[in-house]
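For reference, the structure discussed in these notes is given below.
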Amino acid sequence: MEWYGPLVAMKALTSVTIYAVAERAGVSIATVSRALRDPGLVAAATRARVEEAVAALNFTPSRLGRSLAEGRHAANGIVFPDLVGPYYAEVLLGYEEAAAELGRSVLILGTRGRADPTAQVLDLAGRVDGLVVMGQTVADEVVASIVAGGLPVVLLARPPALDCDTDTVTAENEVSAAGLARHLLDHGYRRFAFLGDPAGSPDVAGRYTGVAAALSDAGVRPPAPVRCGFDVTAGYDAAVALLKRRTRPHAVICANDEVALGVQEACADRGLDVPADLALAGWDDIMTARFVGLTTVRQPMRKLGATAARWLHERILSPSSPPHRKVLPTQLVVRRSCGTHAQD
């Protein structure tokens with residue numbers, strides 16, 4: 001990851017906020033703004049402290065920073081791994097609703113398909129007064145450089161970044177995943193498949209860990225994950241390959257509901273019944289899951305986004321306050337797709 005080191009260092013300088021300058025100088029952000037915009041309105045000693053802080057932090061005033069200091073609404077940024085699908089849509093709705101209540105506008109960046117997501121995230125960090133980073137969109141080192149530059153950061157659906165204190169909000173994964181696996185075990189299922197890529201998402205990693213632990217505790221060997229994307233097409237394609245195996249699984253646990261819907265479609269195309277021929281479970285509890293009777297784990301998608309928006313607003317107003325850490329609860333929802341008896 002060393003290739004972007006100089007870029008990180010350069011961008012970290014431009015992401016220093018007016019809050020960091022105010023804190024170092026011991027004055028309000030309004031005073032910093034006046035000292036930079038109209039020095040004659042500020043006492044000489046105060047102006048000197050502001051100038052020293054600006055020089056020490058290599059601060060460059062931004063349009064958004066000035067507008068915030070002057071009492072107008074500034075923008076927050078949020079970085080998503082993807083912008084397609086009901087999960088991201090629900091999180092974004094929660095974020096935007098809360099941000100609107102707080103009088104904040106939002107700049108949104110999706111990193112999927114970007115040739116250089118690190119550069120895109122660093123560019124966004126230089127244009128906003130606070131940033132939410134969701135999932136594994138950029139490396140911990142990039143997050144640490146942004147935080148070191150003074151920009152308020154909240155991490156969403158990812159663990160705390162190494163060597164930096166940030167507010168972090170996630171949904172619980174391991175316990176509910178283990179409960180889902182135990183539910184299937186209790187109904188006699190013994191051959192399992194897990195569809196999803198633990199390396200591509202901290203959430204999926206937690207779900208696989210929980211499933212594997214529950215299976216191991218029951219004396220069942222956990223399957224290697226079938227790595228796939230997070231949409232219906234990825235689930236369909238993964239299921240096609242899975243169903244060609246000589247020994248078919250009794251139960252398929254999917255990283256999210258969209259993947260599970262793809263599996264269900266692949267089964268229907270091959271004359272297989274869910275759950276008579278194959279038990280199936282997803283994750284998220286999107287609206288479609290309720291209509292098709294999909295067993296899943298419900299997570300508070302809108303609450304995740306809203307919490308991140310509120311915490312970022314608080315962090316901007318109080319940059320030195322202790323970091324928040326919160327894990328929102330999830331809930332197993334059993335429907336007909338997991339059946340009641342295993343198949344031989």
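A few points about this structure:
- Within segment 209-230, the set of residues being more than 16 Å from Pro249 (Cα to Cα), touching a residue at least 24 places away in the same chain (Cβ under 8 Å) and assigned to a helix (DSSP H, G or I) comprises Thr209, Gly210, Ala213, Ala214.
- Only one of the numbered conditions (1) buried (at least 17 other Cβ atoms within 10 Å of the Cβ); (2) in contact with a Gly (Cβ under 7 Å, 6 or more places away or on another chain); (3) within 24 Å of Gly85 (Cβ to Cβ) is violated by Pro275, and that is (3).
- Here Ala178 clears all of (1) free of Cβ contacts under 8 Å to residues at least 60 places away in the same chain; (2) of a type in the set (Gly, Ala, Ser); (3) touching a Lys or Arg at 6+ places or on another chain (Cβ under 7 Å) except the condition numbered (3).
- Boolean, Asp123 is surrounded by fewer than 23 Cβ atoms within 10 Å (Cβ to Cβ) and in contact with a helix residue (DSSP H, G or I) (Cβ under 9 Å, 6 or more places away or on another chain): yes
- The single condition among (1) in contact with a Gly (Cβ under 7 Å, 6 or more places away or on another chain); (2) surrounded by fewer than 16 Cβ atoms within 10 Å (Cβ to Cβ) that Arg270 does not meet is (1).
- Restricting the search to strands (runs of 3 or more DSSP E) fully inside segment 118-201 and requiring at least 1 residues that are under 15 Å from Ala308 (Cβ atoms) and not assigned by TED's automatic domain parsing to the domain that holds Ala214 gives 131-134, 153-156, 167-171.
- When the test is whether a residue is modelled with pLDDT of 95 or more and under 30 Å from Gly149 (Cα atoms), Thr233 does not pass it.
- If you filter segment 270-284 down to residues that are among the acidic types (Asp, Glu) and farther than 12 Å from Val252 by Cβ, you find that the one that is farthest from the chain's Cα centre (by Cα) is Asp273.
- Any hit, segment 251-265, residues being in a loop (DSSP other than H, G, I, E, B) and charged (D, E, K, R): no
- Selection within segment 163-204 - among the aliphatic types (A, V, I, L, M) and under 13 Å from the mean Cα position of the chain (by Cα): Val169, Ala171, Val204
- Scanning segment 309-340 for residues that are small (Gly, Ala, Ser) and surrounded by fewer than 16 Cβ atoms within 10 Å (Cβ to Cβ) gives Ser318, Ser320, Ser321.
- Any hit, segment 239-251, residues being within 22 Å of Gly210 (Cα to Cα), touching a strand residue (DSSP E or B) at 6+ places or on another chain (Cβ under 9 Å) and either surrounded by 23 or more Cβ atoms within 10 Å (Cβ to Cβ) or outside the structural domain of Leu184 (by TED's automatic domain parsing) (or both): yes
- Only listed residue being in the same structural domain as Val133 (by TED's automatic domain parsing), part of a helix (DSSP H, G or I) and at pLDDT 95 or above, chosen from Thr307, Thr288: Thr307
- Checking each residue in segment 148-173 for being farther than 25 Å from Tyr208 by Cβ and not β-branched (Val, Ile, Thr) picks out Ala148, Gly149, Gly150, Leu151, Pro152, Asp163, Cys164, Asp165, Asp167.
- Some residue of segment 101-110 being surrounded by fewer than 21 Cβ atoms within 10 Å (Cβ to Cβ), touching a Ser or Thr at 6+ places or on another chain (Cβ under 7 Å) and in a helix (DSSP H, G or I): no
- Residue count for segment 149-204 under the criterion of being over 30 Å from Arg24 (Cβ atoms), of a type in the set (A, V, I, L, M, F, W, C) and at pLDDT 95 or above: the result is 14.
- Any hit, segment 134-149, residues being within 22 Å of Ala53 (Cβ to Cβ), in contact (Cβ under 8 Å) with a residue 40 or more places away in the chain, touching a His at 6+ places or on another chain (Cβ under 9 Å) and not basic (Lys, Arg): no
The values are calculated or read from the model by the stated rules, or taken from the named source; none is laboratory data. Fair warning: this is a prediction, and the values are worked out from it, not measured in the lab. Quick reminder, even Gly has a Cβ in these numbers, built from the backbone with ideal geometry, and neighbours come from all protein chains shown.
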